[in-house]
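Report on the structure given below.
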Amino acid sequence: MAAHAESHNPALLHHFATEEQQRNSASFGMWIFLATEVMFFGGLFCAYLIYRRLYFGDFAAASKSIDALLGGTNTAVLICSSLTVVLAVWAAATARRTLLLSSLVVTMLLGCVFLGIKAKEYKDKFDEHHVPGATFSFEHEQVPNAPEGVYANPRHAEIFFALYFIMTGLHALHMIIGLGIFAWLLIMAWRGRFTPEYHTPIEIGGLYWHFVDIVWIYLFPLLYLIDRHA
Amino acid sequence: MSDHAKSSPLKMYFTIWGALLVGTFLTYEAAKVDLGVFNAAVALIIATTKALLVALFFMHLKGAGEKLLKLVVVSTIFFLILLLGLSMVDYSTRYFPGHLWS
Amino acid sequence: MSMATATVQPVEREDYLNKHYGVGSWLLTTDHKRIALLYLISITFFFFVGGFFALLMRLELLTPAGDLVQADTYNKLFSMHGMVMVFFFLIPSIPAVLGNFLVPMMIGAKDLAFPKINLLSWYLYIIGGVMMTHCILTGGVDTGWTFYTPFSTAFSNSKVIEAGLAIFINGFSSILTGLNFVVTIHRMRAPGMTWSRLPLFIWAHYATSIIQILGTPVVAITLVLVVAERALHLGIFDPKLGGDPLLFQHLFWFYSHPAVYIMILPSMGVVTEVIACFSRKRIFGYHFVAMSSVAIAVFGFLVWAHHMFVAGISVYAALVFSLLSYSVAVPSAVKVFNWTATLYKGSIHYDAPMLYAFGFLGLFTIGGLTGLFLAALGVDVHVTDTYFVIAHFHYIMVGGALMGYLGGLHFWWPKISGRLYPEGWARLAALIVFIGFNLTFFPQFVLGYLGMPRRYYDYSHMPEFQVLNVLSTAGSTILGIGYLLPMIYFLWSMRYGKPAPDNPWNAAGLEWQTQSPPTTFNFVEEPVVTWEAYNYDEIDAGHKQEAPVVG
């Protein structure tokens, strides 16, 4: 192998010619991974779309029983966490160590808040017997904006809740993985591994986090706000 | 990521953050208004706007040098719409009116 | 008749095979070439597992009565034959073996963009494979490789969850391979290697990777839904709740139809390389062939419900999908025309790789044409779920994809192993494969047309079908011998084969500019490309007398 006498950033991997090539490749790779995630969630959105169209009234009744205020709060929490993520990236690019570390910590805290609110929501559903399966019960729930006495079909409502748990559950799983990624980033940042020339892991970790935020941006109105007008 | 203007990215980030929060509030409030069939459309339009803001500005898609990343995003959305749309070709033409089993 | 450039190498040169020894150096390698060989061993194992199930099925079908295995067992046989062959053999085959080995070399790079992710993708394949093997050994799965609900979610008593999870994990192996290829092809081409100078093998793998990236996640989530419904009773396909079993089919086939293009596109890439080399000609219509690969990838996503024509979709949807299915044949036909035009007035050499390419040309054409028959709604109503469909897709998958894989293995074997395989035996094996294949599967077109249903272990109500079934089983035995032969002589050649020259075929392409076998980092110094692809007229200008035959 040809000798390379010039010194280069130890972070430059051997099979890349330049750091720019390495950084561009990492970023491109993460975007493609996010494309796969879009299609992964996309299958669920497809199922949701079809059943919502077929059983609109039943879905609306079921949607009414989940807490839109909690859902909206969670949306705001994630939006704030996306802000702290871009601040972290900017801090790394401008060698602001304190801001970098604190942004990463706040991002993780906000992620934990999100999961905590989610846990409360799940507990509420469990208590109300809205978890699909043997204990499921959804009797005598009025279909919103329908004549008095028109009740939701419990079986169709059960499909709504199945989708609710699968979609938000999968999303929460991605949040947990995101927390793991950011914990690792925090450790690396604490050890001083990131410089303005090399902070690619934070950039691509940030991309992942923003994607998780975007999924929730769609989940919130679709799941929580189906037919809420008076 | 260029660092030629250190303060302006911050201003932009906070502006987008504010817009996203406003959008969330709008989504919540708009759901309370009876817009008939347009409720869903409004919700999705606001959501898509928010998603675009995050993608273009927080994920730095806007500043990306070559068109490649934008091509990835557009293609992905295209295939997602294909999945949703062509499935709906079946479901929307199957029964009159659309009910499976009651 | 041997190559004038053949050199005897008295001193063993350092290459990627002998650079490091020990199991650890293989299991922790990040060298794309070693990972390709790891895949080669793994997928060959699963090929024989899947082939074993096929053999048992063909033995059962020798007689009209169901007398070899029970009905439930037969259901497991065809299910596991399909799952293993599709997910654990065909989908990885060319991309993970030949693609991994050749993509960096063909573009002039030292490795793929993400070598560690490449290794991870092999481990994911192995984990999925171990789970699948365990599932097979502890009872198997009987839902068909298609996992249709509500049988898979509610009624099957077999190991659906384990099989589903095994394939789910395996899917990520496929996704990561595709991701790696796309980034590599975009970002790591050597100076001068423009998009228009890329070998068409690269274009084929690029198109394949697009499908892997965008399609596989959908089947992944679908399998998650099946597992969730079965394990947690989170039912969205359950008819008792108002769920639609057809939704499963939509989601499943959204991937599984493009998946067949994952299986055939790389093979088309191989065939392009082989035909160009053994006609000593530039490929006719380079840009058409390149664009047709991308077109197949895109159009392939538009046609999935042609697997559901009789399942209960609306007639209007069936019309739309039938029309779209006709369109996807166009880019494939473009390729066939261009290959044929390349052969015209070429200087044809009938080495083993070329024999496989010829086999591909004919058999893929038959398979593709019968696909058009199936796309016609009227015909499909009669032959759906019969052996006609089975014959159609085996012509493409076995007559097409597998032949391309074998042809590619032969073509690049000298590069991969540094040894020459025995040409005489290789030509004989190709002939045996061709004869065995046609004897196995052509009768199945007739059987299907006459009405023999697929997935039936007992056809005693139609005993007149026995003759054709016996022919088919006889053919499968011959086919099996044809597949065993390369296994034997490839292994033989690793020890006793003649050392290969760096470019035994005088082929175009950067991979042939490296050592046989290559060093770990492929090139001594970064190549700078100043020539067009398939510049055989330039190559042959200096070698007028030689015939690139390897003995």
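The values are calculated or read from the model by the stated rules, or taken from the named source; none is laboratory data. Treat the numbers as computed from the prediction; the structure is a model and nothing was measured. In this analysis, Cβ positions are derived from the backbone assuming ideal geometry, glycine residues included, and neighbour counts consider all displayed protein chains.
Taken over the range C:293-336, the criterion of being within 12 Å of another protein chain (Cβ to nearest Cβ), surrounded by fewer than 21 Cβ atoms within 10 Å (Cβ to Cβ) and touching a Pro at 6+ places or on another chain (Cβ under 8 Å) is satisfied by C:F299 alone.
The rows are residues; the columns are (1) within 14 Å of chain A (Cβ to nearest Cβ); (2) farther than 28 Å from C:W531 by Cα; (3) free of Cβ contacts under 8 Å to residues at least 60 places away in the same chain.
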{"position": "C:V141", "(1), (2), (3)": "no, yes, no"}
{"position": "C:T146", "(1), (2), (3)": "no, yes, no"}
{"position": "C:A154", "(1), (2), (3)": "yes, yes, no"}
{"position": "C:K159", "(1), (2), (3)": "no, yes, yes"}
{"position": "C:F168", "(1), (2), (3)": "yes, yes, yes"}
{"position": "C:S174", "(1), (2), (3)": "yes, yes, no"}
{"position": "C:T177", "(1), (2), (3)": "yes, yes, no"}
{"position": "C:T184", "(1), (2), (3)": "yes, no, no"}
{"position": "C:R187", "(1), (2), (3)": "yes, no, no"}
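The set of residues from the range A:192-230 being over 14 Å from the mean Cα position of the chain (by Cα), modelled with pLDDT of 95 or more and of a type in the set (D, E, K, R) comprises just one member, A:E203. Considered as a group, the residues in the range A:184-230 that are among the charged types (D, E, K, R) and out of contact with any helix residue (DSSP H, G or I) (no Cβ under 6 Å at 6 or more places or on another chain) include one that is surrounded by the most Cβ atoms within 10 Å (Cβ to Cβ), and that residue is A:R228.
Yes/no per residue for (1) surrounded by 13 or more Cβ atoms within 10 Å (Cβ to Cβ); (2) assigned to a helix (DSSP H, G or I):
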{"position": "B:I16", "(1), (2)": "yes, yes"}
{"position": "B:T24", "(1), (2)": "yes, yes"}
{"position": "B:L44", "(1), (2)": "yes, yes"}
{"position": "B:H60", "(1), (2)": "yes, no"}
{"position": "B:E66", "(1), (2)": "no, no"}
{"position": "B:V89", "(1), (2)": "yes, yes"}
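Each row is one residue, and each column tells you yes or no for (1) more than 8 Å from chain C (Cβ to nearest Cβ); (2) modelled with pLDDT of 95 or more.
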residue	(1), (2)
A:N9	yes, no
A:R23	yes, no
A:W31	yes, yes
A:C46	no, yes
A:R53	yes, no
A:N74	yes, yes
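If the condition is being buried (at least 16 other Cβ atoms within 10 Å of the Cβ), without any contact (Cβ under 8 Å) to a residue 60 or more places away in the chain and in a helix (DSSP H, G or I), then the range A:95-112 contributes A:L99, A:S103, A:V106, A:L110. Against the conditions (1) in a helix (DSSP H, G or I); (2) farther than 30 Å from C:G436 by Cα; (3) not β-branched (V, I, T), C:A311 satisfies every one except (1). Among the residues of the range C:64-79, is any closer than 23 Å to C:L265 by Cβ and surrounded by fewer than 22 Cβ atoms within 10 Å (Cβ to Cβ)? Checking the range C:64-79: not a single residue is closer than 23 Å to C:L265 by Cβ and surrounded by fewer than 22 Cβ atoms within 10 Å (Cβ to Cβ).
Residues being modelled with pLDDT of 95 or more, surrounded by fewer than 19 Cβ atoms within 10 Å (Cβ to Cβ) and not in a loop (DSSP other than H, G, I, E, B) are represented in the range C:450-458 by at least one member.
Among the residues of this structure, C:S292 counts as one that is under 29 Å from C:M85 (Cα atoms) and of a type outside the set (A, V, I, L, M).
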